[in-house]
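First comes the structure, then the notes that go with it.
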Amino acid sequence: MLYSSVRELSEQIRARRITSVALAEAYLDRLGRLGQRLGAVATITRDLALKEAREADREIRAGRWRGPLHGIPYGVKDLAATRGIPTTWGAEPYKDQVFDYDATVVKRLREAGAVLVAKLAMVELAGGFGYNNADASFTGPGRTPWNLEYWSGGSSSGPGAATAAALVPFSIGSETSGSIITPSAFCGVSGLRPTYGRVSRHGAMALSWTLDKLGPMCRTADDCGIVLAAIAGRDPMDPTAAARQFVYPEPAGRAVKKFRVGVIKGSADRVQPEVKKNFEESVKLLRRFADVDDSVEFPDMPFGPVVSTIVGAEGASAFRDLLESGRAGLLRQTNDRWGGYAASMTLAVDYLQAMRIRGPMKRELDKLYSKYDALVAPSRATVSYPIALDFDKAYPGVGGGPAVIPAGNIAGQPAISIPNGFGANNLPTGIQLTGRAWGEARLVALASLYQRETDWHRKRPPVDSA
Amino acid sequence: MSKLKVKETITSSSRREFAKSLAILAAAPVASRAAESGVTPPSPPQQTPPADQPSPVAESLTEVVKLRHGKNLSEEQLNLIKRSIDRSQRNADRMRQFKLVNSDEPAFAFTADI
């Protein structure tokens, strides 16, 4: 039951075969038993959860069903403000920080009837200062439930691990550049990075104002669509939050149209052999419901330098007070203790150069993506990294290929990562479906078709016996 | 971890002097290479130094970090910062190769609305 999708749980709650309180109690129990072992939890919100669950049960009994999230427990990455509950940003200097308001994403989920059971662990400051190993949170390293000696990915480490191990049915993560896609791949969950501006960031920690996005991490792509529909939309508190509607599921006429999919040339050339094999099999399967263009040339542009310049400058500005106080020295990962100081030396003209290049990059990518519903690539070149090693020593010589994740983030485009098999050490691999701005519904529809034909998303990690 | 001993107080005039010397230092390698070759420096304007030798710009910017934050940083950290700034400078060099025209605006828009 606890590994069920949101849609399945919702049917059970609506039919009153299970109560929200019972469900919340069950997930709270798992959070208590396994959360720390996975390094996935910052704060368990038991009292709030039971209060919200009781209210949900009361309303459902009275016939006031709010929708598919009503009564469903969830966890939120600990960068979203929650009134009266610590919001630590994963970092020692902020571990006692408490806000007196809720982030818009938390408010929207409450309005949809969802039940907050935990603030989930994260890489300190969302990884903005250049961490180079998994032990980069004051709660310790996040561990993938598939093998506890390996990282859950970051910076949404807690959402990835907690969702994969059924400590929550779904969670909210954030991505500046890769922080939803990576933990989704390393933990074997379905994670959706929305279009920039799709979801309000009001009340969420800022690392990079022009790159930060909040998005759902779930067991299925369909659940990602359900959650995104609840959290998307305009917010007067966040001027970047757009008034565009997110309609999910897609209107019937659109849904039956055959998909056009492109395979990003070179994206699987230098990846681990199992990642390549799983990717090729996934593409083969996609051919059942899509016209596939096997070799799409990705633009050769300096995506990596642009994203690192922007994150560096905006992050150093966002955390200037931390740097000037010297409290960056309290951060867990050694690189994080000095990385912000280096970033603070980004020259204004270099930052502006990066921001100016974004225009041509967006246009070039949009021109390419306008021909397809999705371009696909392996989510990551490797399976997860060992906890004990620095990232750059984990898989030397593997990687390269087009910078799909930085490119999508620079252009503000959506992407979804879904599990597509297993690789070395029984660790999950993923495929990312990337799309045109505001094209999330198409990506979710395509990913859902893939998941209808596969059962990778239904596999359970061996965490209970570990 | 040993901390650097840096003067706690630096007068604004000494900061200005230091900034001026940095500007000269940063510009010097480009100017001298251009003068030696007798042609306009190629794009990117600064040649990339060998990987094991941080550029003078990285050296100079690290001095700024030291002046601003030295009391919070060890020598080892300052060396790492120097390497990191050097990498950022290489990124900046790569970005400078990207052809932009005058009308290419940064990807944000100011609005007078509150």
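Assorted remarks:
- The label point for A:Lys265 and the one for A:Arg37, both projected 7 Å from the Cα toward the Cβ, are 4.9 nm apart.
- In terms of its C-alpha gyration tensor, segment A:99-163 comes out oblate, because a/c is 1.5 or above while a/b does not outweigh b/c.
- Per residue solvent-accessible surface (Å²) - segment A:62-186, probe of 1.4 Å: 23
- The residues neighbouring A:Ala342, those whose beta-carbon lies less than 9 Å from its own, together hold a net charge of +3 under the Lys/Arg +1, Asp/Glu -1 convention.
- Take A:336-344, A:231-239 and order them by the average number of nearby Cβ atoms within 10 Å per residue, most first; the result is A:336-344, A:231-239.
- Within the accessible surface of segment B:56-97, defined with a 1.4 Å probe on protein heavy atoms only, the carbon and sulfur portion equals 43 percent.
- Coarse-grained scattering of segment A:173-287 at q = 0.12, 0.15 Å⁻¹, given as base-10 log I(q)/I(0) from a Debye sum over alpha-carbon atoms: -0.55, -0.84
- Taking the Cα centre of the protein assembly as shown as reference, the dipole from Cβ charges on Lys and Arg (+1) and Asp and Glu (-1) amounts to some 800 debye.
- Global form of chain A, assessed from the alpha-carbon gyration tensor, a/c cut-off 1.5: rounded
- For segment B:56-97, with +1 on Lys and Arg beta carbons and -1 on Asp and Glu, the positive-most of B:Asn72, B:Gln89, B:Thr62 along the dipole: B:Gln89
- Whole-Å distance, taken between Cα centres, linking segment B:60-76 and segment A:238-305: 45
- Close amide H contacts of A:Gly262 (hydrogens built in the peptide plane, cut-off under 5 Å, sequence separation of 5 or more or a different chain): A:Asp293, A:Ala374, A:Leu375, A:Val376.
- Shielding of A:329-338 by partner chains, average beta-carbon count, 10 Å: 3
- Kyte-Doolittle at least -1.0, axis length at least 18 Å by Cα - qualifying DSSP helices, chain A: A:20-34, A:273-286, A:303-318, A:348-369, A:440-453
- Placing +1 on the Cβ of every Lys and Arg and -1 on the Cβ of every Asp and Glu, with nothing else charged, gives segment A:1-57 a dipole about its Cα centre of roughly 120 debye.
- Extents of segment B:56-97, taken as max minus min of Cα coordinates on every principal axis and listed largest first, are 37, 15, 14 Å.
- Phi to ³J(HN,Hα) by Karplus 6.51 cos²θ - 1.76 cosθ + 1.60 over segment A:115-131, Hz, x for Gly, Pro: 10, 7, 9, 7, 8, 9, 4, 8, 5, 3, 6, 6, x, x, 9, x, 4
- Proximity of backbone amide H atoms, modeled 1.01 Å from N, is registered between A:Phe298 and A:Lys265 at under 5 Å, excluding neighbours fewer than 5 places apart on the same chain.
- Tensor-based shape of segment A:394-448 (alpha-carbon gyration tensor, a/c under 1.5 rounded, otherwise prolate or oblate): oblate
- Here the Karplus curve 6.51 cos²θ - 1.76 cosθ + 1.60, taken at θ = phi - 60°, turns the phi angles of segment A:192-208 into couplings of 10, 8, x, 4, 4, x, 6, 10, 4, 9, 4, x, 9, 3, 8, 9, 9 Hz, with x standing for Gly and Pro.
- Average other protein chain Cβ within 10 Å of Cβ, residues A:357-370: 2
- Label sites at A:Glu250 and A:Tyr3, each approximated as a point 7 angstrom past Cα along Cα to Cβ, lie 3.0 nm apart.
- Taking the charge dipole of the protein assembly as shown about its Cα centre, with +1 at Lys and Arg Cβ atoms and -1 at Asp and Glu Cβ atoms, the residue from A:Pro169, A:Pro396, A:Gly435 reaching farthest to the positive side is A:Pro169.
- Relative to the current alpha-carbon distance between A:Asn426 and A:Asp96, full extension at 0.36 nm per residue lengthens the span by 115.1 nm.
- Amide H to amide H, with H built 1.01 Å from N, A:Phe422 comes under 5 Å of A:Thr429, counting only residues 5 or more places away or on other chains.
- Heavy-atom accessible surface that B and A bury in contact, both chains counted, 1.4 Å, Å² to 100: 2500
- Per-residue ellipticity at 222 nm computed for the protein assembly as shown from its helices equals -12500 deg cm²/dmol, with DSSP H segments shorter than 4 residues left out and the rest contributing -39,500 (n - 2.57).
- The length gained by stretching the chain between A:Glu280 and A:Leu389 to full extension, at 0.36 nm per residue less their Cα-Cα distance, is 36.3 nm.
- The mean number of Cβ atoms from other chains found within 10 Å of a Cβ in peptide A:58-71 is 0, as a whole number.
- Part-to-part distance (alpha-carbon centres) for segment A:350-426 and segment A:1-56, which is given in Å: 33
The values are calculated or read from the model by the stated rules, or taken from the named source; none is laboratory data. Because the structure is a prediction, the values reported are computed rather than measured. Counting neighbours? That spans all protein chains shown, and the Cβs are built from the backbone with ideal geometry, glycine included. These area figures cover heavy atoms from the full protein model, side chains too; ligands, DNA and RNA do not enter into them. Shrake-Rupley method; radii C 1.70, N 1.55, O 1.52, S 1.80 Å.
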